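The values are calculated or read from the model by the stated rules, or taken from the named source; none is laboratory data. Given the structure is predicted, the values throughout are model-derived calculations rather than measurements. Cβ atoms come from the backbone with ideal geometry, glycine included; neighbour counts cover every protein chain shown. Surface accessibility is based on the protein's heavy atoms, side chains included, excluding ligands, DNA and RNA. Shrake-Rupley method; radii C 1.70, N 1.55, O 1.52, S 1.80 Å.
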Amino acid sequence: MTFASKTIVERTQPALRQSVKQDAYMCHVYVRADNLAGVLIADHEYPHRVAHTLITKILDDFTAKVSADQWPNGTEATIAFDLLPAFLSKYQNPVEADPLTKMQNDLDETTIILKNTIEAVLERGEKLDDMVNKSEKLSIQSKAFYKTAKKTNSCCSFT
């Protein structure tokens with residue numbers, strides 16, 4: 001992963017972002033104009049936009065905490081950047097970390113609910129049409145019964 005990360009950073013132009021497939025993973029890279037780079041390695045299901053948002057936030061916070069003169073020769077032992085674990089735990093679930101992704105998922109759920117509601121209303125409408133047809137048939141049958149009963153009773157008049 002270290003070799004792939006270094007290679008991708010070297011081949012990415014400054015001020016560009018890209019995502020590269022590496023075996024079973026996606027390597028998301030962002031090289032800023034000041035040549036500070038960040039690489040995020042995730043599975044293929046992790047949203048690209050969220051990955052690049054995370055990289056940008058980490059690089060911005062790193063720039064604010066660590067001076068630029070420490071970057072070229074710095075290592076994990078010489079540069080203290082303790083915000084990384086907090087970012088990684090927050091972005092474990094991209095839906096919760098990214099408001100736009102969360103909103104899209106809520107919108108998808110609402111669309112499904114609305115579709116089911118419309119189908120139920122249409123189904124009820126069909127049932128109402130069936131009931132109206134049955135009612136009309138019953139009305140016709142009751143009129144026919146009334147006429148038949150009236151004819152039958154007219155021959156037997158007791159007055």
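Of everything in the range 96-113, what is within 8 Å of the chain's Cα centre (by Cα) and not hydrophobic (A, V, I, L, M, F, W, C)? Give them in sequence order.
Our first condition is that a residue be within 8 Å of the chain's Cα centre (by Cα); within the range 96-113, this holds for 101-108.
Matches in the range 96-113: THR101, LYS102, GLN104, ASN105, ASP106, ASP108.
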Only one of (1) modelled with pLDDT of 85 or more; (2) outside any loop (DSSP other than H, G, I, E, B); (3) open to solvent by less than 50 Å² (accessible area, probe 1.4 Å) fails for ASP61. Which number is that? (3)
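Among ALA37, ALA24, ALA4, ALA68, which is touching a Leu at 6+ places or on another chain (Cβ under 9 Å), over 16 Å from TYR91 (Cβ atoms) and at pLDDT below 90?
Values: ALA37 fails: at pLDDT below 90; ALA24 fails: touching a Leu at 6+ places or on another chain (Cβ under 9 Å); ALA4 fails: touching a Leu at 6+ places or on another chain (Cβ under 9 Å).
Every option except ALA68 fails the conditions.
Can you tell which of LEU114, LEU128, LEU100 is assigned to a helix (DSSP H, G or I) and modelled with pLDDT of 85 or more?
Values: LEU128 fails: modelled with pLDDT of 85 or more; LEU100 fails: modelled with pLDDT of 85 or more.
From the options LEU114, LEU128, LEU100, the qualifying one is LEU114.
Just to check your reading of the model, which residue among LYS127, LYS90 is open to solvent by 100 Å² or more (accessible area, probe 1.4 Å), of a type in the set (Lys, Arg) and within 30 Å of ILE55 (Cα to Cα)? Talk me through it step by step, then tell me what you get.
Values: LYS127 fails: within 30 Å of ILE55 (Cα to Cα).
Going through LYS127, LYS90 in turn, just one is open to solvent by 100 Å² or more (accessible area, probe 1.4 Å), of a type in the set (Lys, Arg) and within 30 Å of ILE55 (Cα to Cα): LYS90.
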Which of the residues that make up the range 3-38 are in contact with a Pro (Cβ under 9 Å, 6 or more places away or on another chain) and open to solvent by 60 Å² or more (accessible area, probe 1.4 Å)? ALA33, ASP34, ASN35
Among the residues of the range 39-58, write down those that are open to solvent by 70 Å² or more (accessible area, probe 1.4 Å) and in contact with a Ser or Thr (Cβ under 6 Å, 6 or more places away or on another chain). HIS48
Pairs with Cβ under 6 Å, 6+ apart, first in the range 7-24 and more than 16 Å from TYR46 (Cα to Cα), second of a type outside the set (Val, Ile, Thr) and loosely packed, with under 11 Cβ neighbours inside 10 Å: PRO14/ALA33; ALA15/ALA33
